[in-house]
Amino acid sequence: FQLSPSQINDILRAGELSHKVLDLNGKNANSVLRFESNQLASNTPIEDRRSAATCLQTKGMMFGVFDGHAGSACAQAVSERLLHYIAVSLMSRQTLEEIELAVECMKPVLPILQWHKHPNDVEYREITSQYFESLRVYWQHLLDLDTEPGFSLEEAMICAFQRLDSDISLEVQAPQENESMRNIALQVAFSGATACVAHVDGVHLHVANTGDCRAILGVCEEDGTWSTLPLTRDHNAFDEFEIRRLKREHPRSEEKTLFVNDRLLGILMPSRAFGDVQLKWSKELQHSILENSCDLEALNIYQYVPPNYHTPPYLTAEPEVTYHKLRSKDKFLVIASDGLWEMLSNEKVVKLVAGQLTEHHMQKPQLAFEKPVNLGYMHSLLLQRKNRGIASLDQNIATHLIRHAIGSNEYGEVDQEKLAAMLTLPEDLARMYRDDITVTVVYFNSETIENYYRNKE
């Protein structure tokens, strides 16, 4: 476990991403101030993915965390595609017509998203054209509706999630000449991913969740105390609503077999996810697709029909959407894969972020210097700062959360030895002690939010 503190930091900080929203002379005052994100792998390669983008046609910002299982293929595809589907669902008829016309005339298409990516974020370059074609078929479908699409944000998110999941299922059934593209389509459909996506536009916050990633708000009350507002429910065997929903959708004879050992059909922890067609398709369809496929073992796809598989689909990608109107006391949003929540409670996460916020606030020069500033005064200021232990380790709050998630001892303090041990676990063991962790923290601009209510008055 001989990792030096600087080696530990190098490992923890490798996936850091941060983005500050530009304020154009207060004209385009965004309710998002900045966001910070990071990932730490347990699986090799990591199965989690994340996305962040500004929606160029609707001006909203979107943040997504995607937790893959049975490989990273599905999480990868969903992270590349889902925000596009949401953006298209929100477009006016006129914008959709302009984009369609540009494609028909082979002219440049209006950009849909401005991505905020990490240099290491991978892309499925070879299949981009097919993804674009599927997206185009979707917006053509919206244009065929003959009326202004006019989705509410909640409807747009639900429609986008379900449409993308349906496309993932259809693409693997379509005849495909190119073997590499067919293999990717197979891996995407037969692996799976849960997803949590937030859309922020002014004071309007919508969070769509499918599975067991989680989103919470950090709220600073008037007396300075912090509270936690959960915005999602974990969709799994521990949720009464999910158990009731699945029982409603399947015959009474299956009540005892829907969840076995707290897993859906004894196989899957989350009860909602993208992909995982082996829990959605009929046995016949699975068989016909897989028997025509080449080396399934090389693709990590195993033909396995669970016992008690009678009335598929057992799994859905339909999200639950929560709406929250931001208030000036709502300071930040945390979205993370379950790797974080298995280690830290909602309250602990808010406490850690709030602590860092307070610390950064104290670090800012408080401009209330006595004038003229003499050396003795500066010296006393520096001593105060030193005594407060301000030399904070992490500039990126997501890194700070990951450090605490894997390195905290029973007193809630980071133990360097434990941290080193957790980061040097051999591949086959790492997964037993920790999951992949992905965290994105979005900070809100309280001033902009206050101005919104002031202007309303």
- Query: Hey, any hits in the stretch 345-363 for a residue that's at pLDDT below 95 and at positive phi?
  - Reply: no
- Note on the structure: Taking the stretch 99-157 and keeping only residues that are among the basic types (Lys, Arg) and free of Cβ contacts under 8 Å to residues at least 24 places away in the same chain, one is left with LYS107, ARG125
- Task: Please determine, by comparing only the residues of the stretch 250-273 that are in contact (Cβ under 8 Å) with a residue 60 or more places away in the chain and more than 12 Å from GLY211 (Cα to Cα), which one is surrounded by the fewest Cβ atoms within 10 Å (Cβ to Cβ).
- Result: PRO251
- Which of the following residues is in contact with a Leu (Cβ under 6 Å, 6 or more places away or on another chain), of a type outside the set (A, V, I, L, M, F, W, C) and either within 23 Å of PRO319 (Cα to Cα) or open to solvent by 60 Å² or more (accessible area, probe 1.4 Å) (or both): ASP234, ASP276? ASP276
- Regarding SER191, is this residue open to solvent by less than 10 Å² (accessible area, probe 1.4 Å) and of a type in the set (S, T, N, Q)? yes
- Note on the structure: The one condition SER89 fails out of (1) crowded, with 24+ Cβ neighbours inside 10 Å; (2) under 27 Å from ASP146 (Cβ atoms); (3) of a type in the set (Gly, Ala, Ser) is (1)
- Item | Residue within the stretch 102-116 that is surrounded by 19 or more Cβ atoms within 10 Å (Cβ to Cβ) and aromatic (Phe, Trp, Tyr) present | no
- Query: Counting only residues that are hydrophobic (A, V, I, L, M, F, W, C) and farther than 24 Å from LEU17 by Cβ, which one in the stretch 414-430 is least open to solvent (accessible area, probe 1.4 Å)?
  - Reply: ALA420
- Hey, can you tell me all the residues within the stretch 286-307 that are under 19 Å from ALA273 (Cβ atoms) and open to solvent by 50 Å² or more (accessible area, probe 1.4 Å)? ASN300, TYR302, TYR304, VAL305
- Note on the structure: Pairing a residue in the stretch 1-23 that is within 15 Å of THR438 (Cβ to Cβ) and open to solvent by less than 40 Å² (accessible area, probe 1.4 Å) with any residue that is at pLDDT below 95 and of a type outside the set (A, V, I, L, M, F, W, C), where Cβ atoms lie under 6 Å and the two sit 6 or more apart in sequence or on different chains, gives LEU17/HIS118
- Task: Scan TYR452, TYR443, TYR411, TYR433 and give me the residue that is among the hydroxyl-bearing types (Ser, Thr, Tyr) and buried (at least 19 other Cβ atoms within 10 Å of the Cβ).
- Result: TYR443
- Item | Qualifying positions in the stretch 47-69 - at pLDDT below 95 and in contact with a helix residue (DSSP H, G or I) (Cβ under 9 Å, 6 or more places away or on another chain) | CYS55, LEU56, GLN57, THR58, GLY60
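The values are calculated or read from the model by the stated rules, or taken from the named source; none is laboratory data. What you see is a predicted model; the values in this text were computed from it and never measured. Using ideal geometry, Cβ is built from the backbone for each residue, glycine included, and neighbour counts are taken over all protein chains shown. Only protein heavy atoms, including side chains, enter the accessible area calculation; ligands, DNA and RNA are left aside. Shrake-Rupley method; radii C 1.70, N 1.55, O 1.52, S 1.80 Å.
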